[in-house]
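To keep things clear, I will list the structure first and then write my remarks on it.
Here, each number is a calculation from the coordinates, and none is a lab measurement. Predicted, not measured: the structure shown is a model, and the values here were computed from it. Virtual Cβ from ideal backbone geometry, glycine too; neighbours counted across all protein chains shown.
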Amino acid sequence: MNTNGITIRLEQESDYRKTEELVRDSFWNVYRPGCSEHFVLHVLRGVPAFVRELDLVMESGGRLIGQNVFVRAEILADGGGTVPVLTMGPICVARDLRGLGLGRLLLDESLRRAAELGFGAVLIEGDIGFYGGSGFVFASELGIRYGGLPEGADASFFLCRELIPGFLSGVSGVYSTPEPYLVTETEVDEFDRGFPPREKLRLPGQLEG
Ligand SMILES: CC(C)(COP(=O)(O)OP(=O)(O)OC[C@H]1O[C@@H](n2cnc3c(N)ncnc32)[C@H](O)[C@@H]1OP(=O)(O)O)[C@@H](O)C(=O)NCCC(=O)NCCS
């Protein structure tokens, strides 16, 4: 896809390092001091659940300016059995190009491709402020609960977008973040040593912990 000189295409192996640098820069000190997302991306590419056809980068004038990835996941249905879904991310846009609609462009193109491939729904942890504009709703509205969250806890971070309308009609159940996302601090620190040193800062607005 090419709009106004912005191209969204599949990531190539030759992009890997540059994409990881972009992800590291985009997430650094945003949700916690430092970040783990560049390592998560590195891990995800190597797992069978990773969807290669949805491993996307966005570029402009030969510069990598955004990326998004998807992983196969499942809902454990209350009635028994599992429902195949996708989860998504990390997704990012270069810091100096935010607020221009590029995140929306990348997200919507990613979702269009996921729907075209026949996937039924995407479940994510994210901010409704960004994702709501692309059709995401609170997963609780569709009867899907976040694994391990105590009854009555705030689940407004847990969002869902049906790709096939009605895909989750009649389904209730529990979703858990796929295991490859759950990296340890030690692994992240070790991986991060392969990048230029950067200061980890505790900043307002970061998640607790
Ligand atoms: C989130 C991110 C990809 C958005 O990219 P962007 O190019 O700045 O987004 P857009 O300009 O397309 O903004 C689209 C809409 O989302 C809103 N928005 C953007 N970032 C937001 C955020 N972090 N929280 C809430 N709303 C946000 C914008 O105000 C805009 O609203 P509008 O459609 O009502 O005008 C980008 O800020 C980023 O890379 N952030 C760091 C990494 C990150 O947090 N990724 C998401 C993890 S869940």
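Summary of values
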| quantity | calculated |
| --- | --- |
| Estimated [θ] at 222 nm from DSSP helical runs (n ≥ 4, -39500 (n - 2.57)) normalised by residues in the chain, nearest 500 | -6500 deg cm²/dmol |
| Backbone N under 17 Å from the Thr82 label point (7 Å along Cα→Cβ), restricted to the range 93-128 | 119-124 |
| Summed side-chain charge close to Glu116 - residues other than Glu116 whose Cβ falls under 11 Å, Lys, Arg +1, Asp, Glu -1 | 0 |
| Helix 102-116 axis, angle to the chain major axis (alpha carbon atoms, nearest 10°) | 50 degrees |
| R0 of 22 Å, Cβ-Cβ distance Arg112-Asn29: FRET efficiency to nearest 0.05 | 0.10 |
| Cβ-defined net charge surrounding Tyr146, 11 Å radius [Lys, Arg +1; Asp, Glu -1] | -1 |
| Convex hull volume of the chain per residue (C-alpha atoms, cubic angstrom) | 136 Å³ |
| Separation of the Arg104 and Leu207 label points, Cα + 7 Å toward Cβ, nm | 2.6 nm |
| Neighbourhood charge, 14 Å Cβ-Cβ cut-off, centred on Ala155 and excluding it, Lys, Arg +1 and Asp, Glu -1 | -4 |
| Difference of contour (0.36 nm per residue) and Cα-Cα distance, Tyr16 to Thr3 | 2.3 nm |
| Cα principal axis extents for the range 1-83, largest first, Å | 51, 34, 22 |
| R0 of 35 Å, Cβ-Cβ distance Ser134-Glu190: FRET efficiency to nearest 0.05 | 0.50 |
